[in-house]
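Below: one structure, written as structure tokens.
Nothing in this text is a laboratory measurement; each read-out follows from the coordinates by a stated rule. Everything quoted here is computed from the prediction, not taken from an experiment. No Cβ is skipped: glycine too gets one built from the backbone with ideal geometry, and neighbour counts run over all protein chains shown.
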Amino acid sequence: MVTDYSAKPSGGLIANLGTDNQMMHDSGSEEAWIEVIQKMDLVYADLVRYQVELEEKNSALEEAQHFIESVQTAMTDVLIVCDIQGRIQQANKALETITGRSEKELLNRSFKELFGESSQHLVDGFADKIRSETVYDCEVNLLRADGKPTPLAMNCSSRYDHNGRLVGMVLIGRPVGELRRAYEELHATHRELKQAQEQLVHSEKMASLGRLVAGVAHELNNPISFVFGNMHALKRYGSRITQYLDAIHKGTAEEEREALRKQLKIDHILSDIGSLIDGTLEGAERVSDIVLDLRRFSGNQQEDTQPFPLAPVVATAVDWVVKAARRKPEVSVDIPEELEAVGIKGLVHQILVNLVQNAIDVMDEVDAPRLQIRGWQDWDNVRIEVRDFGPGIPKQDLMRVFDPFFTTKDVGKGTGLGLYISYGLASDQGGSLIASNHPDGGAMFTLTLKAV
Ligand SMILES: Nc1ncnc2c1ncn2[C@@H]1O[C@H](COP(=O)(O)OP(=O)(O)O)[C@@H](O)[C@H]1O
Ligand SMILES: [Mg+2]
């Protein structure tokens with residue numbers, strides 16, 4: 001600023017100053033003027049500096065405000081800031097979007113209006129609760145623009161002013177509708193999968209039962225056909241004996257009677273009848289044994305473990321499967337008559353049927369199919385080894401063969417559940433089932449059960 005200090009004062013403030021200091025010399029009053037003007041300059045410079053500082057602070061404040069706004073706008077969680085009476089003081093974009101109301105419409109309304117009927121008792125308690133603790137993950141229903149409720153996981157905490165006075169609360173809610181829908185979908189899929197698996201396990205059981213029925217039919221055919229044959233013979237014998245006895249009762253002469261006896265082969269009948277009846281009885285017993293076995297196979301498997309002789313169980317299992325097989329292998333079974341195991345007969349039978357069936361399946365194209373079964377006692381255990389002369393199991397599949405649905409068979413031929421089920425049945429009786437390959441080729445399955 002340029003000031004002409006030599007210019008004569010010409011009225012106003014300066015003119016008055018000039019006339020009120022008549023005692024002062026001209027030079028003295030000029031100095032006073034200069035001092036005053038310099039002070040004014042200083043004050044003015046200070047003012048300018050304050051102004052600049054103020055503007056800087058203002059723009060920093062604006063920047064901070066923008067920053068906070070951008071964060072609030074970007075938040076996907078809902079933010080509601082209320083005073084202590086529950087009147088909304090600030091809301092973010094997420095809340096505006098869900099409720100379909102602008103911040104202006106929301107301001108000063110009670111935050112409780114935003115929630116559905118079923119959540120009122122919860123939000124009513126927020127103001128009291130936050131005095132002692134923060135509310136975490138409280139599930140409330142926010143009303144959407146269309147009036148329908150959408151679930152939020154709500155946190156609510158207290159807000160204090162710079163003096164540490166409680167002035168309101170801050171609510172942050174995470175929309176959980178999507179999450180819940182996804183969870184419910186997952187749950188439903190899991191349920192369906194479980195059902196499908198149960199159905200498959202069931203159909204595998206039915207399939208193995210089907211395979212067995214063919215073997216059983218074969219097995220039953222034999223005793224039934226000789227019971228039939230014997231009964232026909234007995235019927236014939238019966239009518240001849242009746243004829244002979246009639247002749248005796250009529251008092252036929254001895255000669256004629258003897259002739260009749262020869263003609264009707266009565267002596268032969270009498271010597272044959274005993275073995276005929278024994279044979280028939282044996283056949284009937286065989287049929288009843290098969291029925292008993294069948295019942296054990298299909299019936300109640302909840303029974304307790306108990307000691308039982310192994311040889312007959314192995315024999316029927318092998319018999320049934322082999323009888324139904326298209327190509328019958330040469331079978332050798334080496335199990336001591338007296339060998340007993342503790343377990344559930346029907347389950348052991350089912351495991352052996354699965355193992356023998358698999359062995360026969362893999363030897364379908366083998367030149368000389370052979371099946372070897374051995375059993376022996378090994379300290380506290382009984383082991384049964386089922387070995388075939390097929391291609392064996394690739395090393396990387398040795399553990400996988402017990403996985404549900406693991407099969408190398410064509411679609412429709414294998415379910416991959418036989419070994420999975422057998423493994424479970426072995427452990428149900430406190431035993432185990434192991435797959436390996438014999439050093440001389442072929443697969444070998446070892447079933448271990450408890451010894452008596
Ligand atoms: N004796 C065996 N020799 C070679 N591989 C076998 C033998 N037994 C089972 N496996 C393998 O294990 C798989 C699973 O058997 P399993 O659970 O009984 O189901 P599936 O017979 O329906 O395939 C078979 O597909 C086969 O690859
Ligand atoms: Mg199988």
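At a glance:
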quantity: Cα gyration tensor, the chain - rounded (a/c under 1.5), prolate or oblate; calculated: prolate
quantity: Helix runs (DSSP H) in the chain reaching 30 Å along axis by Cα, Kyte-Doolittle at least -1.0; calculated: 26-74, 177-249, 266-298
quantity: Given charges at Cβ of Lys, Arg, Asp, Glu: the chain dipole, positive-most of I88, T150, G430; calculated: G430
quantity: Ranked by how many other beta carbons lie within 10 Å on average, peptides 442-450, 257-265, 160-168, 77-85 from highest; calculated: 442-450, 77-85, 257-265, 160-168
quantity: Expected 222 nm ellipticity per residue - DSSP helices of 4 or more, -39500 (n - 2.57), all of the chain, to 500; calculated: -18000 deg cm²/dmol
quantity: Farthest toward positive dipole pole in the chain [+1 Lys/Arg, -1 Asp/Glu at C-beta], among I384, L171, Q396; calculated: I384
quantity: Cα centroid separation - the stretch 215-267 against the stretch 166-192, whole Å; calculated: 86
quantity: Span from the the stretch 315-360 Cα centroid across to the the stretch 59-89 one, whole angstrom; calculated: 77
